[in-house]
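Take a look at the structure set out below.
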């Protein structure tokens, strides 16, 4: 029975692994969560048929992806949206939907051949979007394994995103309610630094945003600086 590695360090990826374990697919699934354990030596022992990489932010070693089929998942319609913080960049640009792209890792960041793409709705909090995307990625992995899909080169104009920095989540200069709503919800997920306001002594982190015609309602966590 062939080994399949799932490489992920987020809870959303772990839910994909749980679903794969419950599936009837004829493979042995192995979960790796720590980048220090994702070594060429370990991969050589496992000899995986595929290495699937959802919700992972570290660089994959060339010694691994050049010798084993590594398939990454990116929230954008590649080649549009290569680079960091794709979900946040899409939301702040007012996209209401996008694609999840499954692509083969190579020397170009997010530039590998495409296996398949699936639609993803961008409504709601980042938490909701990530959980929905994990279900879609599970289905994509199953489809790749069942159909032995061959990847094809990316087509279209390349557009790159820059990874967003925590200081870009400060809401103090925002003048539009919809922009503020998008900034709050796009970071409203576990393990993500939240959008915030601050005074000399306190930091106010905002979550659970709801937008109405003339007001925005949100939960606030107050931290002493």
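Structure data summary
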{"quantity": "Relative contact order [Cα under 8 Å, 6+ residues apart], the chain, whole percent", "calculated": "16 percent"}
{"quantity": "Spin-label pair residue 3/residue 108, simplified geometry with 7 Å Cα→Cβ offset, distance in nm", "calculated": "3.1 nm"}
{"quantity": "Extension reserve of the residue 222-residue 34 stretch, reckoned as 0.36 nm per residue once the Cα distance is removed", "calculated": "64.5 nm"}
{"quantity": "The range 3-161 - convex hull of alpha carbons, volume per residue in Å³", "calculated": "104 Å³"}
{"quantity": "Diffusion constant of the range 166-224 at 4 °C, which comes from Stokes-Einstein with the Kirkwood Cα-pair radius and 1.567 mPa s, µm²/s", "calculated": "111 µm²/s"}
{"quantity": "Angle between the chain longest axis and helix 11-22 axis [Cα atoms, degrees, rounded to 10]", "calculated": "40 degrees"}
{"quantity": "Neighbour-count ranking [beta-carbon atoms within 10 angstrom, fewest first] of 191, 18", "calculated": "191, 18"}
{"quantity": "Acute angle (nearest 10 degrees) that the helix 126-147 long axis makes with the longest principal axis of the chain, alpha-carbon atoms", "calculated": "10 degrees"}
{"quantity": "Between the range 161-225 and the range 52-97, the alpha-carbon center distance in angstrom", "calculated": "24 Å"}
{"quantity": "Rule-of-thumb Rg ratio for the range 89-194 [Cα; 2.2 N^0.38 Å; N residues]", "calculated": "1.24"}
{"quantity": "Compactness index (Cα Rg / 2.2 N^0.38 Å), the range 26-111", "calculated": "1.20"}
{"quantity": "Intensity falloff of the range 97-153 expressed as log10 I(q)/I(0), Debye formula with alpha-carbon point scatterers, at q = 0.24, 0.25 Å⁻¹", "calculated": "-0.98, -1.02"}
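We did not get these values from a lab; they are worked out from the coordinates using the rules stated. Everything numeric in this text was worked out from a predicted model, so none of it was measured. All Cβ positions, even for glycine, are placed from backbone atoms using ideal geometry, and neighbour counts span all protein chains on display.
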